[in-house]
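The structure appears below as structure tokens.
The values are calculated or read from the model by the stated rules, or taken from the named source; none is laboratory data. Since the model is a prediction, treat every value here as computed from it, not as a measurement. Note: ideal-geometry Cβ built from the backbone for every residue, glycine included; neighbour counts use all protein chains shown. Ligands, DNA and RNA are excluded from the accessible area calculation, which covers all protein heavy atoms including side chains. Shrake-Rupley method; radii C 1.70, N 1.55, O 1.52, S 1.80 Å.
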Amino acid sequence: MSKNLTSRAEDYSKWYNELVVKADLAENSAVRGCMVIKPYGYAIWEKMQAELDRMFKETGHQNAYFPLFVPKSLFEAEEKNAEGFAKECAVVTHYRLQNDPDNPGKLRVDPEAKLEEELVVRPTSEAIIWSTYKGWIQSYRDLPILINQWANVVRWEMRTRLFLRTAEFLWQEGHTAHATKSEALAEAQLMNQVYADFAENFMAIPVIQGVKTESERFAGAEETYCIEALMQDGKALQAGTSHFLGQNFAKAFDVKFTNNEGKLDYVWATSWGVSTRLVGALIMTHSDDKGLVLPPNLAPIHVVIVPIHKTDEQLEEIGVVAKNLINEFKKKGISYKYDDRTTHRPGAKFAQYELQGVPLRIAIGPKDLENKTVELARRDTLSKENMPLEGLVDKIDDLLIEIQDTLYKKALDFRNSHITEVDTFEEFKTVLETKTGFVSAHWDGTPETEDKIKELTKATIRCVPLDQKKEAGSCVFTGKTSNGRVLFAKAY
């Protein structure tokens, strides 16, 4: 299996595409630009979803659901938002099909079934949600509203890549309403921190928290906070965003409330989201030329048990040992699989679970039965050792924690070694072409300079780091004064 994978060094993009398909995570569908997420890939997403959902609820948010379709008039109410997404919108214009009189057995759109108003298939839900909030909010007593939605969205992409960029994808989108600017800002910052905690503690991906420049900001937002990660090919990936929307959507949809002084005011808003793109980030951060490497906190299977036997009697004896281990795994919340299929050789099973990134593998053969041992293999280091059955489950419990930490530290070391400070544009271009990664450089703060650098190098400003040091300097491109460095990179 993994022997057929293109290596990362040979072609990183091809390696990624092959790995997603061969590890049984997802595949292209009959709908151009859309993917089928297969059970193993969806199991990873479910683990992400469950943990994020817990974190959202711990911070006071509730789940709700809003329509997939947005009337065009509502969508265009907030002009910047509508303009920002206009080129990516799928639009429903008719509501019925009929038999095609010119082509027996075929269907056509019924020309008499044209909608009075076109419906946009949601690329994001601010418009439909804020038109709804208008009926929910009258007084400061109705605030804050802290809502999250798990949903699918459609953004019509012409160049797609499984998980990273598809025309339809799964995500969550939070939409909150507040009585004051300070509350809304605090909410946007809090949720960005939640995303950072999730990425680092569960995905084992170190991220840089920052704010986007005006040209990179979410359409309709006054401030966009983000978490930026670095993939093994030296390209950045935006792993999550949280937007302070000001009063823009409240004004667009006339959402006012009576404040505690008895005066009418517009509501303050935020929105924030992460998507199935995180599965792509997980793959590209940790995996190797042999296949997936999954952090235990998000692995659907923590440990797989593979019996090695020649006779049915041996398989039966190994099954007894496996059953005892499984009972202990259940008590400790360790997810497991016992692969006793007789249709596949042990070597094929080893290759499958290596490809699918299962953190730990136990092999039990006749000699292990005699010696009361097992062979325990780690996916992250590819190391193997014989271990006594006694105390094995506790050892596995500890190893899962160790693997999680090891993967994070490895990714952190890589990221930190790929942040390079430069002071000239020649250095800037050289780093991008040879070393890759984040380039820390002074910028004069103008969108014109940002656009010109992007045009010349394909690098964008990924963020202004929240922990940016204030220091006097000269813009790497124009030489104009700057008061701090920002992070540039080529990105997905």
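Numbers below:
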{"read-out": "Lone qualifier among 431, 486, 439 - being open to solvent by less than 80 Å² (accessible area, probe 1.4 Å) and free of Cβ contacts under 8 Å to residues at least 12 places away in the same chain", "value": "431"}
{"read-out": "Number of positions in the range 116-133 that are open to solvent by less than 40 Å² (accessible area, probe 1.4 Å) and either in a strand (DSSP E or B) or at pLDDT below 95 (or both)", "value": "2"}
{"read-out": "Helices (runs of 4 or more DSSP H) fully within the range 25-99 counting 1 or more residues that are touching a Gly at 6+ places or on another chain (Cβ under 6 Å)", "value": "79-85"}
{"read-out": "Condition met for residue 171 (in a loop (DSSP other than H, G, I, E, B) and closer than 27 Å to residue 34 by Cα)", "value": "no"}
{"read-out": "Residue in the range 149-180 that is surrounded by the fewest Cβ atoms within 10 Å (Cβ to Cβ), counting only those that are small (Gly, Ala, Ser) and under 17 Å from the mean Cα position of the chain (by Cα)", "value": "151"}
{"read-out": "Selected residue [out of contact with any strand residue (DSSP E or B) (no Cβ under 7 Å at 6 or more places or on another chain) and open to solvent by less than 50 Å² (accessible area, probe 1.4 Å)] from 351, 377", "value": "351"}
{"read-out": "Residues of the range 291-322 classified as surrounded by fewer than 18 Cβ atoms within 10 Å (Cβ to Cβ) and of a type outside the set (A, V, I, L, M, F, W, C), total", "value": "8"}
{"read-out": "Every residue from the range 301-335 that is in contact with a Leu (Cβ under 8 Å, 6 or more places away or on another chain) and under 22 Å from residue 45 (Cα atoms)", "value": "302, 303, 304, 334"}
{"read-out": "One residue from 262, 273, 240 being among the small types (Gly, Ala, Ser), at pLDDT 95 or above and part of a loop (DSSP other than H, G, I, E, B)", "value": "262"}
{"read-out": "Failed criterion for residue 382 (all others in (1) surrounded by 12 or more Cβ atoms within 10 Å (Cβ to Cβ); (2) out of contact with any strand residue (DSSP E or B) (no Cβ under 8 Å at 6 or more places or on another chain); (3) over 22 Å from residue 317 (Cα atoms) hold)", "value": "(1)"}
{"read-out": "Enumerated strands (runs of 3 or more DSSP E) restricted to the range 448-492, each holding at least 2 residues that are closer than 17 Å to residue 436 by Cβ, of a type outside the set (Asp, Glu) and touching a strand residue (DSSP E or B) at 6+ places or on another chain (Cβ under 7 Å)", "value": "460-465, 481-489"}
{"read-out": "Residue satisfying condition, being open to solvent by less than 70 Å² (accessible area, probe 1.4 Å) and touching a Ser or Thr at 6+ places or on another chain (Cβ under 9 Å), within set 60, 33", "value": "33"}
{"read-out": "Qualifying residue in the range 327-345 (condition: of a type in the set (D, E, K, R), in a strand (DSSP E or B) and open to solvent by less than 50 Å² (accessible area, probe 1.4 Å))", "value": "no"}
{"read-out": "Meets criteria (within 16 Å of residue 127 (Cα to Cα) and not in a strand (DSSP E or B)) for residue 198", "value": "no"}
{"read-out": "Subset tally (residues that are part of a loop (DSSP other than H, G, I, E, B) and open to solvent by 10 Å² or more (accessible area, probe 1.4 Å)) for the range 214-237", "value": "8"}
{"read-out": "Neighbours by Cβ (under 6 Å, 6+ apart or cross-chain): first from the range 32-54, touching a residue at least 12 places away in the same chain (Cβ under 8 Å); second of a type in the set (D, E, K, R)", "value": "33/157; 34/168; 38/24; 40/24"}
{"read-out": "Qualifying residue in the range 96-112 (condition: open to solvent by less than 70 Å² (accessible area, probe 1.4 Å), closer than 25 Å to residue 164 by Cβ, free of Cβ contacts under 8 Å to residues at least 24 places away in the same chain and among the acidic types (Asp, Glu))", "value": "no"}
{"read-out": "Residue count, the range 355-405 (criterion: β-branched (Val, Ile, Thr), in a helix (DSSP H, G or I) and out of contact with any His (no Cβ under 9 Å at 6 or more places or on another chain))", "value": "3"}
{"read-out": "Filter result (open to solvent by 30 Å² or more (accessible area, probe 1.4 Å) and under 17 Å from residue 286 (Cβ atoms)) within the range 20-30", "value": "22"}
{"read-out": "Residue satisfying all of: in the range 466-481; surrounded by 16 or more Cβ atoms within 10 Å (Cβ to Cβ) and closer than 27 Å to residue 206 by Cα; modelled with the lowest pLDDT among these", "value": "468"}
{"read-out": "Selection within the range 243-259 - in a helix (DSSP H, G or I) and open to solvent by 10 Å² or more (accessible area, probe 1.4 Å)", "value": "248, 251, 252"}
{"read-out": "All positions within the range 406-436 that are closer than 22 Å to residue 482 by Cα and not in a helix (DSSP H, G or I)", "value": "419, 420, 421, 422, 423, 424"}
{"read-out": "Residues (under 19 Å from residue 232 (Cα atoms) and open to solvent by 10 Å² or more (accessible area, probe 1.4 Å)) located in the range 442-465", "value": "458, 460, 462"}
{"read-out": "Long-range neighbours under 6 Å by Cβ, at least six apart or interchain, first residue over 16 Å from residue 190 (Cβ atoms) within the range 55-66, second outside any loop (DSSP other than H, G, I, E, B) and among the aliphatic types (A, V, I, L, M)", "value": "64/147; 66/128; 66/129"}
{"read-out": "Options 159, 96: the member that is at pLDDT 95 or above and charged (D, E, K, R)", "value": "96"}
